[in-house]
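**Q** Before we start, here is the structure in question, set down as structure tokens.
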Amino acid sequence: MQTPLFTHYGVNEKLFWSEVNKLPEIYAKRGQSVSSETIYLNHLLSYVKNGPMRGLTNQKLFELGKELEFYPGLPNFFKELEAIPLEPQFREHDLKIEHYVISTGLAQMIAGSKIAPFVQGIFASEFIESALPPNYLSQTDLYLPLDPEISQIGIAVDNTIKTRFIFEINKGCNKNSTIEVNSSIPHELRRVPFDQLIYVADGPSDVPVFAVVKQMGGKTYAVYDPTDEDEFAQTCGLVESGRVHNNGPADYSPQSASSVWMKQKIREIMRAILSRKELNLQKNTTSAPKHMPKGTTPQSFQEWKQETFWNQ
């Protein structure tokens, strides 16, 4: 994801990631613990502060998002999935598919990319620019730099935060601000029940989410770069250890294995929704009153009450 950023500023991408990968060990020798998943955000800020990426703003990240390259089939794949509820077997039931991105990457770049119009929410890492100074509440005039740039981390997404976002979608916090992620809500009343979720991902930071979604009845699918044998082996390991239901190449063209698998699972989920709906309807529907043939009219309530009283 960060390739357009490095290209724009002329930064050696390979060197940057080499430095990032060594940071946890270096800080550990100093007696400090850091997150190996999000320390790259701090290193990006070091590049801003010390010059190589001077002047980097959220707006620039958004603009660079237009240069992001995606695997085959995207973004058209989103439209193909959204067409499934319009198929004859589902058309009359007001079903809808929503897409979300949960990423350790940069939210502003995703928001500026060509997939942004097709997703209902983006949960990813964010930066703050022009951070407020100490005692800002008592200041009438706040100094704002003429040339703002990112200077602090607003949110750093790691595997734990990814799991939190899954629960926000599950409970509907992202749609209703009065619901908190720690609110107790019966599973059957949650906006998106777990058994109606499909989680597709490729990285080690997704393992906890894979486990939660699968244990709670959702579907999990691990994708890999078709040209990378190590990624293929890694996703096979996830299947063999029972952490995901299946794996496949990150290819979302119409006839690809990943595309076919996800479409099948979506139809399975929708059929299950309709089956539950029909079952609930049958359970909660009582017969309507009918006209009785002459001579078989039930006794009135008053007659029944009187008869019951004397029988006691």
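Throughout, read-outs are computed from the coordinates displayed, never taken from laboratory work. Computed from a prediction, not measured in an experiment: that's the story for all the values here. When we count neighbours, we look across all protein chains shown, and the Cβ atoms used for this are built from the backbone with ideal geometry, even at glycine.
**Q** Compute the acute angle (0 to 90°) between the alpha-carbon long axis of helix 257-283 and the principal axis of greatest extent of the alpha-carbon atoms of the chain; round to the nearest 10°.
**A** 30
**Q** Just for the chain, what percent of DSSP beta bridges are antiparallel, to the closest 5?
**A** Numbers: 4 of 16 bridges.
Beta bridges within the chain, antiparallel portion: roughly 25 percent.
**Q** How large is the helix-only mean residue ellipticity at 222 nm for the chain, computed as the sum of -39500 (n - 2.57) over DSSP H runs with n ≥ 4, divided by its residue count, in deg cm²/dmol to the nearest 500?
**A** Working: 11 runs with 126 residues, N = 312.
Result for the chain, helices only: -12500 deg cm²/dmol.
**Q** Then there is this: Report ³J(HN,Hα) in whole Hz for each residue of segment 229-240, in order, from the Karplus equation J = 6.51 cos²θ - 1.76 cosθ + 1.60 where θ = phi - 60°; Gly and Pro get x.
**A** Once rounded to whole Hz, the list reads 5, 5, 5, 4, 4, 5, 6, 4, x, 5, 5, 5.
**Q** Sequence gap at least 6, Cα distance under 8 Å: using those rules, report the relative contact order of the chain to the nearest whole percent.
**A** On the way: 365 pairs, mean separation 42.4, N = 312.
Reported relative contact order: 14 percent.
**Q** Now for a separate question. Listed highest first by mean packing, meaning other Cβ atoms within 10 Å per residue, what order do 182-193, 207-218 come in?
**A** Numbers: 182-193: 12.0, 207-218: 18.4.
Packing proxy ranking, top to bottom: 207-218, 182-193.
**Q** Quick check for me: using +1 on Lys/Arg Cβ and -1 on Asp/Glu Cβ, what's the dipole size of the chain about its Cα centre, in debye to the nearest 20?
**A** 1160
**Q** Cross-link list Lys96/Lys265; Lys214/Lys265; Lys29/Lys49; Lys29/Lys162: which exceed 22 angstrom alpha carbon to alpha carbon? Before the final figure, lay out each step's value.
**A** Numbers: Lys96/Lys265 14 Å; Lys214/Lys265 13 Å; Lys29/Lys49 24 Å; Lys29/Lys162 29 Å.
Listed pairs above 22 Å: Lys29/Lys49; Lys29/Lys162.
**Q** With the contact rule set at Cα under 8 Å and sequence spacing of 6 or more, what percent relative contact order holds for segment 1-74?
**A** Details: 32 pairs, mean separation 25.2, N = 74.
Normalised by residue count, the contact order of segment 1-74 is 34 percent.
**Q** Separate question: How would you rank 122-131, 172-181, 65-74, highest first, on the average number of other Cβ atoms within 10 Å across their residues? Numbers along the way, then the final one.
**A** Details: 122-131: 18.9, 172-181: 13.5, 65-74: 15.6.
Most protected by this proxy first, the peptides run 122-131, 65-74, 172-181.
**Q** Then there is this: Identify which of the listed values of Rg/Rh (Cα atoms, Kirkwood Rh) was calculated from the structure shown: (i) 1.16; (ii) 0.94; (iii) 0.99.
**A** Recomputing Rg/Rh (Cα atoms, Kirkwood Rh) here gives the entry labelled (i).
**Q** In segment 81-179, what is the volume of the convex hull around the alpha carbon atoms, normalised per residue and reported in Å³?
**A** Values: hull volume 17.2 nm³, N = 99.
So the per-residue hull volume is 173 Å³.
**Q** Kirkwood hydrodynamic radius (Cα pairs, Å) of segment 158-283?
**A** Working: mean 1/r = 0.0632 Å⁻¹.
Hydrodynamic radius (Kirkwood, Cα only) of segment 158-283 equals 15.8 Å.
**Q** Continuing with this model, one more query. Using the Karplus equation 6.51 cos²θ - 1.76 cosθ + 1.60 (θ = phi - 60°), what ³J(HN,Hα) coupling, rounded to whole Hz, does each residue of segment 182-190 give in order, writing x for Gly and Pro?
**A** 8, 5, 8, 9, x, 4, 6, 9, 6
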